[in-house]
Amino acid sequence: MNLKKEAGYKAAEYVTDGDILGLGTGSTTHYFIEAVGKRIADEGINVMGIPTSFQSLLLAKQWNIPVTSLEEHDIDLAVDGADEVDKNLNLVKGGGAAHTKEKIVDYSAKQFIVIVDESKYVEEIGNFPVPVEVIPDASRVVIQTLEDMGAECEIRMGERKDGPVITDNGNFVIDAKFEKIESPMHLEIDLNSIPGVVENGIFTQMVDKVIIGTSEGIKEL
Ligand SMILES: O=C(CO)[C@H](O)[C@H](O)COP(=O)(O)O
């Protein structure tokens, strides 16, 4: 069973005619976008998408989902993946380096649904290093501050691209591994107060529902 696909297709059932959708990024959201595209083709529902990355923009175009922007519309429903989800609905996101636009879109939506397979559901977040998007010129001093806060840091490197990953916004990503995240809510705020940090991948607010694809079927939190 493809658990990511199960979760993505389940989330598409929550889409209603006329919705403005926030389109998350990643291999799970890929299936949500596909399922919405099929509902447009099969049922003729009338929706528009606001992509969180070039990846989701291209997928929306592939599936004939009209795109718009936050300049034009508010979002009714955002659907997005995650790298970790805990029982308090705290998330770590940014494995695809798209967390800055994802947070803008997901936090502004009237409803925010997270879709994951069961491997992402954890007791408490923090095993997955926290992605921190930084202005490139600030990366050395931001790393110093993160290390002072107890994190082990790496600038994320490209694959099939020499040098650092460059985000859709032209920045670097530092992956910061904390031994333990005592308070996700405070860490989310504290990381964003470091000069040079654009956004971090801890999401502690706004999640309305988590759809988990498990080997025993869909579970919803
Ligand atoms: O935050 C993200 C991208 O920045 C993704 O939503 C997250 O990495 C999960 O991806 P996938 O569904 O491929 O496991």
**Message:** Let me confirm something: among 163, 158, 213, which residue is in the same structural domain as residue 10 (by TED's automatic domain parsing) and over 16 Å from the mean Cα position of the chain (by Cα)?
**Reply:** 213
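Just wondering, is there one or more residues in segment 15-27 that are of a type in the set (Asp, Glu), within 16 Å of the ligand (Cβ to nearest atom) and without any contact (Cβ under 8 Å) to a residue 60 or more places away in the chain?
In the first step, residues of segment 15-27 are kept if they are of a type in the set (Asp, Glu); the result is 17, 19.
With the extra rule that they be within 16 Å of the ligand (Cβ to nearest atom), the set shrinks to none.
No, every residue in segment 15-27 fails to be of a type in the set (Asp, Glu), within 16 Å of the ligand (Cβ to nearest atom) and without any contact (Cβ under 8 Å) to a residue 60 or more places away in the chain.
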**Complete:** In segment 82-92, residues that are in contact with a strand residue (DSSP E or B) (Cβ under 6 Å, 6 or more places away or on another chain) and of a type outside the set (A, V, I, L, M) total 2
**Prompt:** Which residues, taken from segment 146-171, are crowded, with 16+ Cβ neighbours inside 10 Å and either of a type outside the set (Ser, Thr, Tyr) or out of contact with any strand residue (DSSP E or B) (no Cβ under 7 Å at 6 or more places or on another chain) (or both)?
**Reply:** 146, 151, 153, 155, 156, 164, 165, 168, 171
**Prompt:** Can you list the helices (runs of 4 or more DSSP H) found entirely within segment 45-152 that contain at least 1 residues being within 10 Å of the ligand (Cβ to nearest atom)?
**Reply:** 54-62, 99-108
**Message:** Residue under question is residue 86, and the condition is that it be within 11 Å of the chain's Cα centre (by Cα) and within 25 Å of residue 183 (Cβ to Cβ); does it hold?
**Reply:** no
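Condition check ((1) in contact (Cβ under 8 Å) with a residue 24 or more places away in the chain; (2) over 17 Å from residue 107 (Cβ atoms); (3) among the charged types (D, E, K, R); (4) part of a strand (DSSP E or B)) across all residues:
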site	(1), (2), (3), (4)
176	yes, yes, no, yes
198	yes, no, no, yes
205	yes, no, no, no
218	yes, yes, no, yes
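The values are calculated or read from the model by the stated rules, or taken from the named source; none is laboratory data. Here the structure is a predicted model, which is why all the values come from computation and not from measurement. Counting neighbours? That spans all protein chains shown, and the Cβs are built from the backbone with ideal geometry, glycine included.
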